[in-house]
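Below is one structure, written out as structure tokens; comments come after it.
The values are calculated or read from the model by the stated rules, or taken from the named source; none is laboratory data. Just so we're clear, the structure is a prediction, and the values are computed from it rather than from any experiment. When we count neighbours, we look across all protein chains shown, and the Cβ atoms used for this are built from the backbone with ideal geometry, even at glycine. Each accessible area value is taken on the protein alone, full model and side chains, heavy atoms only, with ligands, DNA and RNA left out. Shrake-Rupley method; radii C 1.70, N 1.55, O 1.52, S 1.80 Å.
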Amino acid sequence: MSKIENEKIENIYEKDNTENIKSAYYTADEKGEYIIAIENQGVESELITFYPLKNNGEKIVLEDVNKYSGYSIKDINIDNLDGKLSISYILRINQKGIRINEIKNIQIDKLTNKIKKNDYDLREYNIENLDSDIETYVEDNNIHILGSGENGNNNFSSEKNDIFDIRLNEDGEIVDNTFISTTDKYSSKIAVSEINNNKYIVFSEIVSNEYDLRIFSDAKDMIDRESVIKEDYMSVLSKVVVIPLISIMYTVIRGLILLFFMVVPLAIFFFTYFNSGDSKDKVKILGMIGIYIITNIIAFRFVYFTKGNEVYYPAFFYSNIYRIIGPIITNILTTIATFVFYREGKIKGSDLSFLAYPVFFVILDVFLNNIFYVPFLTLFRLFGF
């Protein structure tokens, strides 16, 4: 094991690999030098071992992981605390095709070699679907574990991970958790670096099948960039200007989609009833409106709940009951309005064609539906990708 210092390679520690060490991590402070290793024990198990190099101390087995049970050790991070060594790692469980990652922590007293193990149920902190990559850093003798997990508090993102920062005290117990990214993108691949006593947290987000790099830092030059500048106002203005156009586009497109679904049933109705010779206008109006209502209920989920578009919807929009009741309510309101329009037309002796009433019904119904959904769909188009 070697280190690079002043552009020179210095040999730190040398030992025959009789223990079948798969990977090793070296750390040192004024109290001594230590090696943490992962040792492969064949197909049966793998070990996390601790080598205190001072006075040729004996190897200590910290964890024995049974690979037969589907367990394996992933990312390991080592941090020096006052009088303690902290080891944070991912324990992966792979059973019946389901992969689960858990964060584990081991505290070692540097004087007595006393060991304390910590397990965490991250669901208590609204973290699920943990990625296998974590990073750590120490601040005020507290350990910060950064990882990527599904944020149960992020209502604008479903099944997409955010970056969390779990703070542990010197005994390895969780003090608090903070999500440092709460976007509607999938955030992962974390790295932490310290430059001139400033910390830089770097991670990536999947955007349109590519990765965008994000950087958080407590450095003054980075914080100064947070202030609002002219370009920020121009960016907001450019988005505000197009909002009416996007809203109109959504209304028109979703109306056309519904009409497309109606083509076949309308054609059947036309050829079977319109050409019967004794068709009545009332039946034509009710028939065309009835076809639209049935089509709207059937196609409603497809039209307004295309995957990805619903990111900004309120929670109650996702209810299966609401997805049925929603279009029915708008249909009832539109029916009342169309009936009033039809009755007033008859009272005043209007010569409007029977087509005017189903067209009025469809346009008004599409408009009412879009009042509820277009604002949220517009937000998705502006900020969702």
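Restricting attention to the stretch 52-73, the residues that are open to solvent by 50 Å² or more (accessible area, probe 1.4 Å), farther than 12 Å from ILE93 by Cβ and modelled with pLDDT of 80 or more total 4. Any residue at all in the stretch 74-87 that is outside any strand (DSSP E or B), under 15 Å from TYR25 (Cα atoms) and among the charged types (D, E, K, R)? No, the stretch 74-87 contains no residue that is outside any strand (DSSP E or B), under 15 Å from TYR25 (Cα atoms) and among the charged types (D, E, K, R). Checking each residue in the stretch 146-178 for being over 12 Å from the mean Cα position of the chain (by Cα) and in contact (Cβ under 8 Å) with a residue 60 or more places away in the chain picks out ILE166, LEU168, GLU170, ASP171, GLY172. Within the option set LYS96, LYS104, LYS116, being over 21 Å from the mean Cα position of the chain (by Cα) and on the phi > 0 side of the Ramachandran plot holds for one residue only, LYS96. Where helices (runs of 4 or more DSSP H) fall entirely within the stretch 271-385, those with at least 3 residues that are at pLDDT below 70 are at 281-304, 356-383. When the stretch 20-43 is filtered for residues that are in contact with a helix residue (DSSP H, G or I) (Cβ under 7 Å, 6 or more places away or on another chain) and at pLDDT below 80, only VAL43 remains.
Contact map, the stretch 27-40: residues that are at positive phi paired with residues that are at pLDDT 85 or above and of a type in the set (D, E, K, R), Cβ distance under 7 Å, separation 6+ or inter-chain. Pairs shown: GLY32/LYS110.
Pairs meeting the criteria (first residue in the stretch 235-252 and within 14 Å of PRO375 (Cα to Cα), second residue open to solvent by 50 Å² or more (accessible area, probe 1.4 Å) and at pLDDT below 70, beta carbons under 7 Å, at least 6 apart or on different chains) are ILE246/ARG381.
Would you be able to say whether some residue in the stretch 259-266 is in contact with a Leu (Cβ under 7 Å, 6 or more places away or on another chain) and modelled with pLDDT of 75 or more? No, the stretch 259-266 has no match at all. One residue stands out in the stretch 334-374 among those that are touching a helix residue (DSSP H, G or I) at 6+ places or on another chain (Cβ under 8 Å), of a type in the set (Val, Ile, Thr) and over 23 Å from MET249 (Cα atoms): the one that is surrounded by the most Cβ atoms within 10 Å (Cβ to Cβ), namely THR338.
Annotation note: Cβ proximity below 7 Å between a residue of the stretch 89-106 that is more than 14 Å from GLY147 (Cβ to Cβ) and open to solvent by less than 30 Å² (accessible area, probe 1.4 Å) and a residue that is in a strand (DSSP E or B) and of a type in the set (Phe, Trp, Tyr) (sequence gap 6+ or interchain) occurs for ILE93/TYR71.
In this structure, is LYS189 basic (Lys, Arg), modelled with pLDDT of 75 or more and surrounded by 10 or more Cβ atoms within 10 Å (Cβ to Cβ)? It is true that LYS189 is basic (Lys, Arg), modelled with pLDDT of 75 or more and surrounded by 10 or more Cβ atoms within 10 Å (Cβ to Cβ). All conditions in (1) over 30 Å from PHE376 (Cβ atoms); (2) surrounded by 18 or more Cβ atoms within 10 Å (Cβ to Cβ); (3) modelled with pLDDT under 85 hold for ASP221, with the sole exception of (2).
If you go through the stretch 110-126 one residue at a time, do you hit one that is in contact with a Lys or Arg (Cβ under 6 Å, 6 or more places away or on another chain), at pLDDT 85 or above and open to solvent by less than 50 Å² (accessible area, probe 1.4 Å)? Yes, there is a match, as at least one residue in the stretch 110-126 is in contact with a Lys or Arg (Cβ under 6 Å, 6 or more places away or on another chain), at pLDDT 85 or above and open to solvent by less than 50 Å² (accessible area, probe 1.4 Å).
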